[in-house]
Structures are given as C-alpha cells and as structure tokens.
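Undergrad: Starting off with a structure, shown below.
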C-alpha cells in the first residue's frame, strides 16, 4: 500500500482521534467544579456584579444551549479562533503562532541531534558489549537519564553564561538589537544553544538504551550468522544487517518523543526564559489564563497525533513485513 | 512450472579423491562462569573432495560447533586447538581477512531455519548480490540479472519478479531455495548444510534434498550435511561420521554404517529411529465400538476473517472446513498433513479454544460449543494438551511441583500437602524421580521437560490428551522413550490420545487410526494398517513417498510432490489437492468437491477418482 492509500484508509481513524480530543477540550472546563465563567472569562463570579456577570455570560455564549455552544466551539477551532488571552490581551491564535517557531527550533534540533548521537553510541556500545567503553557509556547514560532537566539547565547557565560568559542565559534574541541577517542568525543560534544542549543531553539516554538493547538482540539473530558466513567484514555486517534491523524499534521511540517534545519543553523554556510554547504554558498556568492553557493543550494533542501519523508512515518503510 | 529434480547422482565418486577438508584433533571449549565446557574433544574428520559427507549426532554432540569452527564463526570465548585444513590451508588461528576469503567464496552454508536466517528488511535479490560483491566486487557480473538467474536455477518460479521481494513473502520451502541460491552466489567449492531440511515439511524436504544433490553434482561440489535425521542421511550421504558428546564415535561409508554399524551408540541410534518399513508395533487395546466416544466431532468449521484492503473487503479463511472425526475411549488418532493444513487449529477447537462457525464437538458426550464459561472449564478438565516445545510452554519461574499441580490448584483446591503427594505420584507415573519436584524447568533435559508436561496434562485425569508434535523437538533416542511412555500411559489409564505430527513414522508407532488433512479438510482416514499398508488418496501416497527411508540401498524414486500447498486464502476449486495431484483429471477434479467415502468399513477416502485402476498406477 502506498503512502497515499495508507493515509486515506487511516485518515478516518486519525480524524476520529482528533475529533475526540477537540471535544474533550470542550467538555473538560465545563465539567470542572464551579462556574465555567472562571475558566472562560478568567474571573471569579463572586467578584462581579450581577449585571457584569450577565454580560460576560452572554459574551462567552454560556447562556446558549450546550449543543449550540458545542458547534460554536467547533467553528472557533476550525478558524483557529481560540478567543483572547485576558492576561496578555492578545488573540490566542496569534500568540501560539508567534511562540510555535521557537519551540520547534529548539525541540526539533535537539531531537535530531540526540537521535543521531544516541543511535551511534548505542550501536558502538552493543558492538563492544561488556568492554570498558560499553560499561562506562552505559553507566553514564543511566546517570544522565536520572538527571533533572532544570538542574542541568541551571548548571549550564552557571557555567557557560555566568562563569565563562560564552553564551546568553535567557531569551531567544538580544532585545532591541537591529542586526544584519548573518549577525541575527548568530544571535538566534547563541540564544538557542543552551536550551538545545540541555534538551539533547537529556534525550540521548532513552534513545541510547533502546538502540543498545535492540542492537544486542539483533546481533543474536540467525541472519547475522548468515551475513558473517558470506564473508562480509564486521563493518559491512554492522551497517547493512545489524543497524538496519535494530533501528526499527528505535524509530518508534523517536516518533513518540517527537509528539511529547512540546510538553517536555515547558521546564527548559522556563529555565532559559525562552519565548516558546512551553513558556507560554508556564505563564498561563501561573496566572490561571485558562483559554490559553486550553488552546496550547490542543496544540500538544495535535503534535502527538502528527507524530503518530509520521510513525505509521515511516514504519512500513523500515520494516517491509508491516507493509500490507 | 517447477523443474523436476530428476537427474540425481546415484554413483559414488572415486574413493581416493583428495581431501577437501581435513580436521585433526580439533577441540573446542567454552569459558563460562561455571568452568570450562568442552564442546568438541579431539575430533578427526576427513571430507573427500566431491563427496557428500554426513555428520550425524544428537543435540550436544558437537556437530554444529565443529562446523562453526571450520567457518571461524565461534564466539570469542571459545578456545580452539588442533587443525582444520581446507585444501591444505590451515584455518585454525588464521587471520580474520583470510577466514573471510574462505567464508562464502570457498565454503557456502545453508542453515536450519530459512526465515530467521534471512535478513527480513532486505530483498532476497540484494542478499544474493551481497554474497557476490563481498568477494568479487561489483565488476564481475554481480547484477540483479545474475541474482534472478540463480533464483531460477534453484527452482523459484517468476524469478525476475521475485528477486525484488522480501523473505517473508516466500513460503518455507522457497525460502530455503533462496538460502541455497545465496550460498551458491560466490560459487564456493564446499557447501555446508546445517540441519537444512529439519524445519521443512516432508514433501518440501524431499524437493530440497533433490535440489541440493542436483546442484552440487552439476558444480562438482563437496557437501557436508549436518543432521540428526538418519533417513535423510541414508538418502544422500557417501560417508558418515557419527558424533556423540563432542567425540567421533564411528566413521565409514554410508553403506557400511547402515549395513553393519559397529559401535553401540550407532546401533542404538539406528534402532530407536521410527521407520515406515519396520514391523508394526503392538498398541494398547482400544475400547470396542459401543459406549460413548471420547471425542465426537461433526461437520466442524473454524474460520477467520482476514482483513484486506478497503475495496476488496474482508475474506473468510476456513482453517478447518467441514471436518468430522471420532475418537473412541482408549484410542489414539494420529493427525498428519503439511504445515497450514489446519491440524493444530482442529486440535485447539476440540478444547474450545477456537471460534467454531459451524458443526458440533462432543467430549465424552458433552457439547463443547453449547457449554457456558463455567462448564467449559469443566470440559477442559477432560481434555488436556501437551505442546511441542516443553521449554517455552512452561513458566520458567515455577518449580516442577508447581507446574504439575497448577491445574489442581485451579480446579480442585486440594491442600498443599495433598498436592505435594499428588506431584510425587504424577512424576512417578511419567517415570521421573520425585526428587525433581523442587527443580525448575531450565535444570531439566528436553526429555525430562516433556515428561513434566505430560504429568501436568495428566494431573486432572483427563479422558483425552491432545499432543501437538509431542516429540518433534526431541532427539531420536528420547523420542522413542516418550512414545513408549505415551503407549504405557494409555494402557494403564485408558486415556484417548490425539497426536499431531508431521513425522509419519512417529504416527505409525503410536496411532490406532490416522487422519490425513490437506488445506483444512480430511482427505483420508482409517486404521493405521490401511493408511500405511494400502493408502488410496494420492496425497497420502505422496506424503508417504516423501519420507526418507533410513536405508541407502533404497534411495528416492522421482520426487512425489511438487510445489507448496496453496494459500488457504484462495483454496483451489473442486478437490483442493488437484493443483498438485499427479492423477488430477481436468474437468472432474477441479469441479467436483469429493466427499469422504467408505473404501472399506474402517477406511474412508475423499477422492473423485477413488477405485479407478489408473489412479493407483499414476500415483
């Protein structure tokens, strides 16, 4: 089945998942205790005069029947109209579009780097199983895997920004600076360097451990013995037979991380005051800006869904047995 | 169509040919945490050029370790001493590059399980090409065209198209042909076949044996055949080396070893092997026709929905199609057929483990299909199962006593001391030392494990024991013991047995009656004297004809059956066997569905041409 036919036949399933996620997003604030006014207008109803309350309720459409509210909500979602952040007084759709590129920059770069490094180190450790280099890297990775991200981020700020003064410690660009294109690029890269470094280092262990284990189990397979019996060199056996098979389960791990990368950026973006979606969530949570939280959660859900679609498309390319 | 492998070498080559491989005083030991394990102890083997040399032995004999030593593919912790000379060149302690130049280019290998021995994510063509380029570079004609030619040479139809396919798209027999094409790709002078037909159906095994013989004869290759199966060895070998516990026990020409074995171990091997030309063994008496049958199956159909594309919709696969079978109290029925014939599905359906679409199953008079959950578990107490691989069908974390008495725990709530006593009783029943009750499965041998599996199945005193390939994973000497145990248990306990096996000689040694299945249908059923003495259905005859006889003076007639069974997704119309049947008549066999018809009172056959004199001549 080609990728297009695949998307068409699976499209229905993806659409159902998306519709359920969007509907949950509608239902949840209405299930919470108290008036949805608190969630939808950002104020405690008790602080308002009855007239103000009436006005807000009709403005938010809460006086309409539930079914009308539901369809109105769908219309808003489809037109990317999530209302206005009452803290920042800005359209939420615009806010998300403004923040999204920064998050994409640091999370996708970190995911790419950590995948490449994790896979390479995982294969090498498995190939040298039980030797010193394997034992050292395995233990390092387990230690890294249990390192809290905020701690490592703050350590890097202290080292690279405060002590050495090499890299900026917060923000995505130098505020107010008018820079030529190349200098602007360098400025952005310098600001992104520490968040990317932290995210990369913390993502490597999971990929490393999966790849190492997967490589070890492939190395025990009968077809590796066949490849050796053909007279191939170790490098040929490793690159053509071991890695090609061992990468299959790792691809699932990477695709899942792609989906959850946005959520994982909350702590890092907060530590580095990086103006991405993660920091937006943090700000929204601290100021109880419910409409913003609701909209960003929807974006996170869509990210997980997109990552799953990518994994579904990628898997048959890596493993012909899953092609139908 | 497939090329028949008719031109088989029958004459032995010159006796004094030069040695292709000389192994002298070879020892291999493995360093483990619990001391050294000596796998091979001072082995001498001489393989003459251009001959087929069989190395025979049971598991742990060191036969495979020896051959891995020849290829330099032993694990790093192996300690190797002695000498292995290939055409005079020393291979022990040779440099890695020198060994690589021998592997594939000089010595090609085919392994036991072709599915796991082929890389699942590479096309078969790419894997064949790789064998060529590893030694000759891309220049010397290593092309897809050459890969397709090789596939055609080993008898794969539509090779041009199939060269771009992946291993999982081939059937078991076709995969082994791919392995052979791959082993031949770099044109080696020696071919090592390590249990190369053990995982295949008997009909496919016959085809592969013939193919290897034709190809090695055409190319004047030397073949080293590693096998536990004396039937196979008798059919193809010029010389034989018998190994046991890492040592050579006996060596000689194939004819001498089979005609006059000298060593006790060789004699025991030959005697314990079940064979079709031995006198029929006496079986425990079964109950006479009166009384309730242990099993009564009527018109059983087990079918699965198979998901297809959007437009084609779902298809129904009838794994078991309209099957009726009765098993009397104290009777053993053997169920035979190629893989995919529905044997195991049928057996599982008896225990209520498969969804029945149609028909009835009665166990000791009780309806399985009509039984509700509670009474279904009561019914299952009456029918217990013994599986092929005892090591994977037991929880490795439980002790033998816990394994054997778990059914009691679930069903009877016997006290702990009662269960302990019962465990000892059951172990004695299967001729095991009750002291073993505290051990865990990994501390037992394969035969002991299968005895534990039988003890577990017997713990609830069932009236039916379903044994799915009960001895296939065991060495022949152990096989004989387990079959003897089953016969004795039947005589003592009066239990009925349904034994599934791909090995017809095993069935002949244990079953009162035999049912032959093909693509979900029973094509012939009758007393063992009838099935083995005067088989009527062309498929039964083909199956029996494909069993290698352990006698080098009776080598195969031309291959009895070509090709693989068709997919159960689209069974051929009419008689399902007609597409492979040597006696099929177009216009009759592809239009009329044959039904089981009484040939004698105890022998039913489903063949449109049953009774025609020509049928006998053509099959």
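No lab work stands behind these numbers, since they all come straight from the coordinates. Bear in mind that the values here come from a model prediction, so they are computed numbers and not experimental data. All Cβ positions, glycine included, derive from the backbone under ideal geometry; neighbour counts span all protein chains shown.
Undergrad: Assuming 1.306 mPa s and 10 °C, estimate D for segment A:116-179 with Stokes-Einstein, Rh taken as the Kirkwood radius over Cα pairs, in µm²/s.
TA: Diffusion coefficient, whole number: 108 µm²/s.
Undergrad: Evaluate the distance, in nm, between pseudo-label points positioned 7 Å from the Cα of residue A:155 and of residue A:98 along their respective Cα→Cβ axes.
TA: Calculated label separation equals 3.5 nm.
Undergrad: Next up: Can you give the Rg/Rh ratio of segment B:214-292, where Rg is from the C-alpha atoms and Rh is the Kirkwood radius?
TA: 1.19
Undergrad: Sorting B:46, A:226 on the 10 Å Cβ count, fewest up front, what's the list?
TA: The order, fewest Cβ neighbours first, is B:46, A:226.
Undergrad: Same structure again: On alpha-carbon atoms, Rg over Rh for segment B:503-559 using Kirkwood Rh?
TA: We get a ratio of 0.98 for segment B:503-559.
Undergrad: Another one. Return the distance in nm (one decimal) between the two label points of a simple spin-label model at residue B:590 and residue A:30, each offset 7 Å from Cα along Cα→Cβ.
TA: For residue B:590 paired with residue A:30, the spin-label model returns 6.4 nm.
Undergrad: Turning to a different aspect of this structure: So what is log10(I(q)/I(0)) for segment A:79-118 at q = 0.26 1/Å, when the Debye sum runs over its Cα atoms only?
TA: -0.80
Undergrad: Using a 7 Å offset from Cα along Cα-Cβ at residue B:391, what residues in segment B:244-265 end up with backbone N under 14 Å from the label point?
TA: none
Undergrad: Which residues does the label zone of residue A:188 cover in segment A:273-310, counting backbone N under 20 Å from a point 7 Å along Cα→Cβ?
TA: Within reach of a label on residue A:188, which here means backbone N under 20 Å from a point 7 Å along Cα→Cβ, segment A:273-310 contributes A:273-280.
Undergrad: To the nearest 0.05, what FRET efficiency results for residue A:260 and residue B:409 with a Förster distance of 41 Å applied to their C-beta separation?
TA: 0.40
Undergrad: Regarding segment B:295-536, what's the average projected area of the Cα-atom convex hull, expressed in nm²?
TA: Spelled out: convex hull of the Cα atoms, projected over all directions, averaged, 14.7 nm².
Undergrad: Taking the simple approach of a point 7 Å from Cα along Cα-to-Cβ for both residue B:554 and residue B:116, what is their distance in nm?
TA: About 3.4 nm, to one decimal.
Undergrad: Can you put B:29, B:81 in order of Cβ neighbours within 10 angstrom, beginning with the fewest?
TA: Sorted ascending by nearby Cβ count, the order is B:81, B:29.
Undergrad: Return the FRET efficiency for the residue pair residue B:360, residue B:428: r is the Cβ-Cβ distance, R0 is 60 Å, and the value is rounded to the nearest 0.05.
TA: Working: r = 38 Å, r/R0 = 0.64.
Once rounded, the FRET efficiency stands at 0.95.
Undergrad: While we're looking at this one, here's another question. Answer rounded, prolate or oblate for segment A:99-322, using the Cα gyration tensor with square roots of eigenvalues a ≥ b ≥ c: rounded when a/c is under 1.5, else prolate when a/b is larger than b/c, else oblate.
TA: prolate
Undergrad: What is the extension gain from residue B:534 to residue B:569, computed as 0.36 nm multiplied by their sequence separation minus the C-alpha to C-alpha distance, in nm to one decimal?
TA: Once the chain is fully extended between residue B:534 and residue B:569, it gains 9.4 nm.
Undergrad: May I have the convex hull volume per residue, in Å³, for the Cα set of segment B:40-272?
TA: 127 Å³
Undergrad: A further question follows. Checking a compactness column here: for segment A:231-271, what do you get for Rg(Cα) / (2.2 N^0.38 Å), N being the number of residues?
TA: 1.87
Undergrad: Taking the C-alpha atoms of segment A:48-176, how large are the radius of gyration and the largest Cα-Cα span, Dmax, in Å?
TA: When restricted to the Cα atoms of segment A:48-176, Rg and Dmax are 24.8, 76 Å.
Undergrad: For residue A:58 and residue A:162 in the same chain, what is the full-extension length gain: residue separation times 0.36 nm, less their Cα-Cα distance, in nm?
TA: That works out to 32.2 nm of additional length.
Undergrad: Quick one: the Cα spread of segment B:30-137 along its three principal axes, in angstroms, biggest first?
TA: 42, 33, 28
Undergrad: Out of all Cα-Cα pairs in the protein assembly as shown, roughly what percent, to the nearest whole number, are more than 42 Å apart?
TA: Cα-Cα pairs in the protein assembly as shown separated by more than 42 Å: 52 percent.
Undergrad: Enter the angle in degrees (range 0 to 90, nearest 10) between the Cα long axis of helix B:202-218 and the first principal axis of the Cα atoms of chain B, meaning the one along which they spread out most.
TA: Rounded to the nearest ten degrees, it is 10.
Undergrad: Then there's this: Could you work out the equivalent-ellipsoid semi-axes for chain B, taking the square root of 5 times each eigenvalue of the Cα gyration tensor, largest first, in whole Å? Intermediate values should be presented prior to the final figure.
TA: Values: eigenvalues 344, 203, 112 Å².
After scaling each eigenvalue by five and taking roots: 41, 32, 24 Å.
Undergrad: Additional query: What length, rounded to one decimal in nm, is gained on full extension from residue B:326 through to residue B:37, with 0.36 nm per residue of separation minus their alpha-carbon distance?
TA: That works out to 99.0 nm of additional length.
Undergrad: Taking only DSSP H segments of four or more residues, each worth -39500 (n - 2.57), what value at 222 nm results for chain B once the sum is divided by all its residues, to the nearest 500 deg cm²/dmol?
TA: Calculated mean residue ellipticity at 222 nm is -9500 deg cm²/dmol.
Undergrad: Separate question: So if we plug the beta-carbon distance of residue B:375 and residue B:304 into 1/(1 + (r/R0)^6) with R0 = 30 Å, what FRET efficiency do we get, rounded to 0.05?
TA: 0.70
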